[in-house]
Structures are given as structure tokens and as C-alpha cells.
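Report on one structure; see the data block that follows.
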Amino acid sequence: MARKKIALVGAGQIGGTMALVAAQKNLGDVVLIDIPMTQGMPKGKALDIMEGRSVINSSVDLQGSTDYAALKGADVVIVTAGFPRMPGMSRDDLLEKNCGVIKTVAEAIKEHAPDAFVIVITNPLDAMVYNMQKQSGLPANKVIGMAGVLDSARLACFVADELGVSVEDVKALVLGGHGDTMVSIYESVSVGGIPLPQLMTKEKFAELAKRTAGAGGEIVNLLGRGSAFYSPATSAIHMAEAYLLDKKNVFSCAAKLNGEYGVKGLYCGVPVVVGANGVEKIIEVKLTADEKAAFDKSVEACQKNADWVDAHT
Ligand code: LMR
């Protein structure tokens with residue numbers, strides 16, 4: 001059977017990390033693609049990982065390119081192209097700058113890899129994945145945004161730390177847009193199968209939810225230059241794996257709503273099932289009145305950015 005092909009558009013910190021993790025998992029051949037200005041960087045990163053494959057028991061092929069034609073035949077395309085935020089900036093401050101970048105990448109995907117499953121990481125996430133689907137014309141079930149997996153992983157990390165338990169036993173769910181308005185769902189967190197409300201007060205959870213909403217910014221401030229890359233990279237590869245291996249994994253991600261949660265035609269973070277057909281199902285979870293109000297506010301924020309994209313493309 002032919003090996004799968006994973007194209008990573010953007011060969012920066014996230015792209016390089018994804019290439020390494022995809023190789024470690026033997027998920028398929030990898031091509032790192034970036035703009036000509038980056039010169040030998042995509043090729044250099046690909047060769048660097050190639051040379052270490054014998055010690056990670058990997059036999060996939062890795063290439064680098066500065067030509068979008070290298071997208072040809074990709075089963076999965078993961079897009080990090082664009083600008084990261086710096087300390088003091090919000091993700092929304094990247095809207096104008098990254099909108100044009102995504103348009104170019106979307107047109108290249110439409111031309112060279114129209115059958116691919118596309119995962120967008122570029123911020124502001126919900127608006128950029130909306131833009132990607134709009135510009136590429138790919139079906140909505142094949143275009144998603146990486147956010148909920150990362151936000152839920154961060155919440156699980158903070159819950160595990162607070163309770164002094166293994167993070168492996170914590171499952172968490174964060175919905176809504178990937179910004180300050182994201183909504184952490186108290187009753188959806190479980191610890192070794194035990195519902196979180198039996199282990200933690202709502203007040204303590206609210207503190208952890210607040211930290212989760214600001215977690216990207218916390219890392220931006222610590223790094224001083226650029227934004228998180230290890231956890232976004234592993235989150236995106238987890239999503240790609242669900243598609244490539246038809247795993248039917250359930251996770252939160254930015255998906256295009258078609259009436260679910262009372263929203264139509266907009267990308268926002270919700271739980272989905274991902275398998276060989278891309279987004280195979282959007283799951284509607286029961287929300288409390290407070291959670292529904294917070295989710296609606298988050299939808300409003302996503303809508304505002306999507307309206308901006310519509311007005312400028
Ligand atoms: C993150 O959450 O780490 C990313 O969205 C990057 C950022 O700017 O926060």
C-alpha cells in the first residue's frame with residue numbers, strides 16, 4: 001500500500017515539530033513547504049530529521065520545498081503559514097496580516113491537493129479556517145481548525161496539576177472560539193472516569209478555565225518572541241492521525257456548523273468525530289444556561305471576525 005503524504009505549509013517551529021512527530025509515528029511521508037524567502041530552511045529541517053530516522057525507528061521520507069507544487073498528492077495538509085503574535089498582541093491583531101497569507105495557501109491547495117484533509121493552525125484560528133474553506137472551496141467536512149484539542153489538553157494539564165493526578169487520566173472539553181471567549185465545560189471533565197464536580201469546586205475550576213483561556217498568551221509572554229509550538233504541533237498531528245487511520249476520534253476543533261448549536265455557516269469550536277471521511281459528525285453537548293450564554297458570546301466573536309473576512313475577500 002502506498003504511504004500517505006502529509007504536507008506541512010509553514011516550516012517554522014510548529015512545522016518542524018510536526019514533521020518530527022509525524023516521522024516518529026511513521027504516519028506517512030512528509031513535505032515541509034515554505035515561501036522562497038526562507039531559502040534552504042524547509043529542506044534543511046527535512047534533511048535534519050531524515051538523518052536521525054534510524055534512532056527513532058522511522059522509515060518515512062521527508063522533503064523540503066519552496067514551491068506549492070510540492071502539495072501534489074497530499075492526503076493531509078496542515079497549515080501554519082502566517083505571522084505569530086508577539087507579547088502585547090491579541091490573536092485578532094493578526095486578522096488582516098494572515099488573511100492574505102491564507103488566501104494564497106488556499107488557492108494552492110485548491111490547485112494541487114483538492115482531495116486533502118486540511119487542518120489550519122494559523123491565527124486568529126476560527127476566522128482563518130473559515131477563510132481557508134471559503135477560498136479553497138473544499139468541502140466543509142475536509143477543512144478544520146486546530147484549537148479545541150490544544151485548549152482541552154491545556155485544561156486537562158491544569159486540572160491534573162491541581163488534583164495531583166496523572167494527566168493521562170484527565171479528559172477535558174473546551175468549546176467556542178480559540179480566543180479569550182473560549183468555554184471550558186465543568187461537567188464534561190472526568191478524572192479516571194469520575195466526574196470533576198465530585199473532585200473540585202466550581203470556583204476552583206473557574207480559575208483553571210481562566211488560565212486555559214489565557215494559556216496561549218502566557219506562553220507568548222514567556223517566549224518573548226513567537227508563540228507556543230510543541231503543544232500545537234502534537235495536537236495537530238493527533239488530528240491528522242484520526243483522519244489517516246480512520247480512528248473516529250472524538251475531540252473539540254473548529255468545525256463548520258450547519259445549524260448545530262443554533263449556528264449556521266460559521267466555524268467555531270465544537271466536539272466532532274474524525275475518521276476517513278473527515279468530520280463525520282458534529283456532536284451537540286448539553287450546556288447549562290451559563291455555558292450556553294458563554295458559548296453564544298464566543299460565537300459572536302467568531303462571527304465578527306468571519307464578517308471581517310467576508311468584507312475583505
Ligand atoms: C496558542 O494558543 O498557543 C496559539 O493560538 C498561539 C497564540 O498566539 O496564543
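Determine whether segment 216-230 contains at least one residue that is in contact with a Phe, Trp or Tyr (Cβ under 7 Å, 6 or more places away or on another chain) and either closer than 15 Å to Ala156 by Cα or not assigned by the TED database to the domain that holds Gly88 (or both). I'd like the intermediate steps shown before the answer.
Keep residues of segment 216-230 that are in contact with a Phe, Trp or Tyr (Cβ under 7 Å, 6 or more places away or on another chain), which gives none.
So far as segment 216-230 goes, no, none of its residues is in contact with a Phe, Trp or Tyr (Cβ under 7 Å, 6 or more places away or on another chain) and either closer than 15 Å to Ala156 by Cα or not assigned by the TED database to the domain that holds Gly88 (or both).
Can you spot a residue in segment 95-107 that is among the acidic types (Asp, Glu) and over 26 Å from Ala254 (Cβ atoms)?
If we filter segment 95-107 for residues that are among the acidic types (Asp, Glu), which is where we start, we get 96, 107.
Then drop every residue that is not over 26 Å from Ala254 (Cβ atoms), which leaves none.
Looking for residues that are among the acidic types (Asp, Glu) and over 26 Å from Ala254 (Cβ atoms), one finds none in segment 95-107, hence no.
Quick check: is even one residue across segment 151-168 of a type in the set (Val, Ile, Thr), in contact (Cβ under 8 Å) with a residue 60 or more places away in the chain and crowded, with 24+ Cβ neighbours inside 10 Å? It would help to see each step written out before you state the result.
Initial filter on segment 151-168 (of a type in the set (Val, Ile, Thr)): 159, 165, 167.
Those left that are additionally in contact (Cβ under 8 Å) with a residue 60 or more places away in the chain: none.
No, segment 151-168 contains no residue that is of a type in the set (Val, Ile, Thr), in contact (Cβ under 8 Å) with a residue 60 or more places away in the chain and crowded, with 24+ Cβ neighbours inside 10 Å.
Quick test of your reading of the structure: Lys256 fulfils all but one of (1) within 16 Å of the ligand (Cβ to nearest atom); (2) under 27 Å from Glu300 (Cα atoms); (3) not in a helix (DSSP H, G or I). Name the failing condition by number.
(1)
Just the residues that are in contact (Cβ under 8 Å) with a residue 24 or more places away in the chain and farther than 20 Å from Lys43 by Cβ, please, taken from segment 70-88. Talk me through it step by step, then tell me what you get.
Restricting attention to segment 70-88, the residues satisfying the condition of being in contact (Cβ under 8 Å) with a residue 24 or more places away in the chain are 70-82, 84-87.
Matches in segment 70-88: Asp75, Val76, Gly82, Pro84, Arg85, Met86, Pro87.
Any idea which of (1) over 15 Å from Met182 (Cα atoms); (2) of a type outside the set (S, T, N, Q); (3) assigned to a helix (DSSP H, G or I) is the one Phe295 doesn't satisfy?
The number of the failed condition is (1).
Say we look at segment 107-153 and pick out the residues that are under 17 Å from Gly269 (Cα atoms) and hydroxyl-bearing (Ser, Thr, Tyr); which of these is farthest from the ligand (Cβ to nearest atom)?
Of all residues in segment 107-153, those under 17 Å from Gly269 (Cα atoms) come to 118-133, 140-153.
The next check asks that each one be hydroxyl-bearing (Ser, Thr, Tyr); those that pass are 122, 130, 152.
Working: Thr122: 9, Tyr130: 16, Ser152: 12 Å.
It comes out as Tyr130.
How many residues are under 27 Å from Ala301 (Cβ atoms) and more than 12 Å from the ligand (Cβ to nearest atom) if we restrict to segment 71-106? Break it down stepwise before answering.
So the first thing to find is which residues in segment 71-106 are under 27 Å from Ala301 (Cβ atoms), and the list is 77-106.
Subset that is more than 12 Å from the ligand (Cβ to nearest atom): 77-79, 81, 95-97, 99-106.
The qualifying residues number 15.
Collect the residues in segment 214-253 that are more than 16 Å from the ligand (Cβ to nearest atom) and touching a Lys or Arg at 6+ places or on another chain (Cβ under 6 Å), keeping them in residue-number order. Even if it seems obvious, please write down each step before you answer.
Going residue by residue through segment 214-253, those that are more than 16 Å from the ligand (Cβ to nearest atom) are 240-250.
Scanning segment 214-253 gives a single hit, Leu244.
Being at pLDDT 95 or above, over 17 Å from Val31 (Cβ atoms) and more than 16 Å from the chain's Cα centre (by Cα): is that true of Gly73 here?
Values: at pLDDT 95 or above: yes; over 17 Å from Val31 (Cβ atoms): no; more than 16 Å from the chain's Cα centre (by Cα): yes.
For Gly73, the condition - at pLDDT 95 or above, over 17 Å from Val31 (Cβ atoms) and more than 16 Å from the chain's Cα centre (by Cα) - is not met.
With (1) more than 16 Å from the ligand (Cβ to nearest atom); (2) under 21 Å from Ser227 (Cβ atoms); (3) in a helix (DSSP H, G or I); (4) under 23 Å from the mean Cα position of the chain (by Cα) as the list, and Met37 as the residue in question, which single condition is left unmet?
So Met37 meets the others, but not (4).
Which residues, counting only those in segment 169-185, are surrounded by fewer than 21 Cβ atoms within 10 Å (Cβ to Cβ) and over 13 Å from Arg154 (Cα atoms)?
Going residue by residue through segment 169-185, those that are surrounded by fewer than 21 Cβ atoms within 10 Å (Cβ to Cβ) are 169, 171, 180-181.
Asp169, Asp180, Thr181, listed by residue number.
The values are calculated or read from the model by the stated rules, or taken from the named source; none is laboratory data. Not measured: the values here are computed from a predicted model. Reconstructed Cβ throughout: ideal geometry from the backbone, glycine too, with neighbour counts over all protein chains shown.
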